[in-house]
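This report concerns only the one structure given below.
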Amino acid sequence: MNEKDYIGMRGEVVFAFLIGKPCNKRFWFIADFLGGKAETKDFTVRLIDPSSLDATFFVQVKATKRGYSGKGANQKLKVTVKKKDIAKLKLVSGPTYVAGIDIEAEVGFLYAITRQTPDKTLSSIPCSHPINCSLIPALWKEIAAYWKRRNMLAKKSLFS
């Protein structure tokens, strides 16, 4: 393995720790590492005690020790998210995010991949959504609401 592999593995560990930590006296998420078998997706993250049993989201972890650009509200973590990875994440049937992880400071930032996400390579992601106890309950509510709105039960089947 090379240094890039070690940085990536460290980022995955840091992400699992950050998203799995208790906030407001409870646990919110269980992060399931998918390993090298899942293209583009590093984790499936399950909600703890949601009203919809399928309440999950997917995360690609991008780890770095390259630091930051900008300052204040314009600060960004220097991680690269390739155009092809963004395109693949947009095809996932559920909410998807990129987690930018600073392995030296052991902090992370979440960036949602949505229809509005530009179809281009990103050289950094904003630091405006740190993975902490302010973000975790809000993320849980967003994902729970997403799955509650969706009715995935088939209306009919050839085998009914």
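Some notes on this structure:
- For residue 141, the aspartates and glutamates whose Cα comes closer than 16 Å to its Cα, not counting residues fewer than 8 places off in the same chain, are 49, 54.
- Across the chain: Cys residues that no other cysteine approaches within a C-beta distance under 4.7 Å: 127
- Taking Cα atoms only, the orientation of helix 3-20 departs from the longest principal axis of the chain by about 50 degrees.
- Listed from fewest to most Cβ neighbours within 10 Å, the set 30, 86, 101 follows the order 30, 86, 101.
- Beta bridges from DSSP with both residues in the range 3-149: antiparallel share about 75 percent, rounded to the nearest 5.
- 56, 114 arranged by Cβ crowding within 10 Å, fewest neighbours leading: 114, 56
- Among 117, 44, 80, the largest mean-square fluctuation in a Gaussian network model of the chain (Cα springs under 10 Å) belongs to 117.
- Placed amide H near residue 33: partners under 5 Å, 5+ positions off or other chain: none
- Restricting the range 82-160 to chymotrypsin sites (Phe, Trp or Tyr not before Pro) in coil, as DSSP defines it, with at most 14 other Cβ within 10 Å: 159
Taken together, the values in this text are just the output of simple stated rules run on the coordinates, not laboratory data. These numbers were taken from a predicted model, which means no experiment stands behind them. Glycine gets a Cβ as well: all are built from the backbone with ideal geometry, and neighbour counts include every protein chain shown.
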